[in-house]
Amino acid sequence: MDSQEGIAAIVRLGFTERQARFLVFVMQYSGVCLLRQYSAFAGIVHGQKTRKFLAKLVSRRFATAYACRHNRGRIYHVHHKALYRAIGEADSRHRRPLSPDRIIQGLATLDAVLTTPTTEYLATADEKAQRLPVVAHLFKDKHPVGVDPDGRVVLFYIATEACSHRFLGFLQRQQSLLRSLPTWTLRIVVPSWPLGLDNAYMKMANPELSQVLSRKHVERLRAYFEQRRAAQTTDARPRSADFDLARRAYRGERFELLYRGWLTEGDSVLETASSPHFEQALKDGRGRIESVVLPHQYRHLSLLVALEDRRTTGAEKGEMAVPRPRPHSSGSSTLAASVIAQDNCASTLTSEALSQ
């Protein structure tokens, strides 16, 4: 369904065009929103108009408001089937109850789109098909895709946690898409806390896309993968010295993800890993990797009241303001240390194998 048709359908439900556009925006990218995000989208000062709109959504049961702990504001979950049906997404995953992690991911995604207004975002399959010279099956993730004013395709990764295996898996899944684009930018979006999260992800992305496996190591990996698969499908478990050496050499997350990809897509995964395409694209500027630090943090939203409690109604009078800086708790230190540790691990995965 065309976005304009969806907006018109929502207007017929009793909303203004601006409100309808915001609802389409929320339903396409997250299913959840904050008061300040509507104010930013509408370009208005946060006040009575914003609170009245969100209160209307709740009172008409189009959305549910969930209070955060310590009265730090409310999160609004837009879930009514009539709204999603209006945009042709009656069975959208955003209608279902969301975990705290999914909520934070969704809120950060909205902020990422709101803070880069010059990018033309392609939310639907039809928009991507009309705007981009690639086939639909290459879009393998739900992260935003857009086009910058200079025509470069922008692939976003919203990083809200220090979880390197997810990011490495994302990079491997996007390689076919990036190879098909004449120019592209991988834009990594992170919250303002933990500090240095953007640098950690940048250090993961560069070697993953630019380091090339030699033909010798591709052959070793193929032999190792074949033996490993055979060991899982037969009673005979290989115990050769070569197998044990390969298992130690290729024990990192990058190679575990390559193995999973190889099981489903075959040798094409290894051919991509051995191609100098991305290394050359990054050198000549056809490809870019950049980071954006959002002016918000979300840790004060991570502790929510029970999501099954749907008795909260109305729009709050306050706002989900960014809390004042506080000393890092032991949990904060642990998370920051985890970022650094995973960064160091990711940067040595390939060199560890190639040294064998």
Problem - Tabulated pairs, segment 66-94, first in the same structural domain as PHE25 (by TED's automatic domain parsing) and acidic (Asp, Glu), second assigned to a loop (DSSP other than H, G, I, E, B) and modelled with pLDDT of 95 or more, C-beta under 7 angstrom, 6+ apart or interchain - result: none
Exercise for the section: With the condition kept exactly as written, say whether any residue in segment 39-56 is touching a strand residue (DSSP E or B) at 6+ places or on another chain (Cβ under 9 Å), in the same structural domain as GLY6 (by TED's automatic domain parsing) and of a type in the set (Val, Ile, Thr). Expected result: no
Handout entry: Selection count where residues are surrounded by 13 or more Cβ atoms within 10 Å (Cβ to Cβ) and not in a strand (DSSP E or B), scope segment 277-299
Key = 12
Completion exercise
A careful count of residues in segment 260-276 that are surrounded by fewer than 16 Cβ atoms within 10 Å (Cβ to Cβ) and either part of a helix (DSSP H, G or I) or not polar (S, T, N, Q) (or both) gives 9
Fill in the blank from the handout: Those residues of segment 1-57 that are surrounded by 17 or more Cβ atoms within 10 Å (Cβ to Cβ), of a type in the set (S, T, N, Q) and either within 17 Å of HIS79 (Cβ to Cβ) or more than 26 Å from the chain's Cα centre (by Cα) (or both) come to a total of 5
Problem - Number of the condition not met by GLU265 [criteria: (1) modelled with pLDDT of 80 or more; (2) closer than 30 Å to TYR76 by Cα] - result: (2)
Exercise for the section: Give the residue that is modelled with the highest pLDDT, with candidates limited to residues of segment 119-154 that are basic (Lys, Arg) and in contact with a helix residue (DSSP H, G or I) (Cβ under 8 Å, 6 or more places away or on another chain). Expected result: LYS128
Handout entry: Number of the condition not met by GLY146 [criteria: (1) within 13 Å of SER30 (Cβ to Cβ); (2) within 15 Å of the chain's Cα centre (by Cα)]
Key = (1)
Fill in the blank from the handout: Across segment 149-178, the tally of residues that are assigned to a loop (DSSP other than H, G, I, E, B) and either in the same structural domain as GLU256 (by TED's automatic domain parsing) or closer than 17 Å to ARG102 by Cα (or both) stands at 5
Handout entry: Pairs with Cβ under 8 Å, 6+ apart, first in segment 123-148 and under 15 Å from THR185 (Cβ atoms), second at pLDDT below 75 and surrounded by 14 or more Cβ atoms within 10 Å (Cβ to Cβ)
Key = VAL145/PHE139
Exercise for the section: Could you name every one of the helices (runs of 4 or more DSSP H) located completely within segment 31-121 that has at least 1 residues being closer than 30 Å to ARG152 by Cβ? Expected result: 35-42, 100-114
Practice task
Might you let me know whether segment 166-182 holds any residue that is of a type outside the set (Asp, Glu), modelled with pLDDT under 80 and crowded, with 21+ Cβ neighbours inside 10 Å?
Solution key: no
Handout entry: Residue match in segment 287-304 (condition: at positive phi and modelled with pLDDT of 85 or more)
Key = no
Exercise for the section: Could you tell me whether any residue of segment 23-38 is over 22 Å from THR116 (Cβ atoms) and charged (D, E, K, R)? Expected result: no
Exercise for the section: Could you give me the residue pairs with C-beta distances under 7 Å whose first residue belongs to segment 6-23 and is at pLDDT below 95, whose second residue is part of a loop (DSSP other than H, G, I, E, B) and buried (at least 21 other Cβ atoms within 10 Å of the Cβ) wherever it lies, and which are 6+ apart or on separate chains? Expected result: GLY6/ILE87
Practice task
Answer yes if at least one residue in segment 231-246 is crowded, with 20+ Cβ neighbours inside 10 Å and among the aromatic types (Phe, Trp, Tyr), and no otherwise.
Solution key: no
Practice task
Give just the number: which of (1) part of a loop (DSSP other than H, G, I, E, B); (2) over 20 Å from the mean Cα position of the chain (by Cα) does ALA223 not satisfy?
Solution key: (1)
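The values are calculated or read from the model by the stated rules, or taken from the named source; none is laboratory data. For clarity, every value in this text was computed on a predicted model and none was experimentally measured. Because the Cβ atoms are built from the backbone with ideal geometry, glycine has one as well, and the counts that use them run over all protein chains shown.
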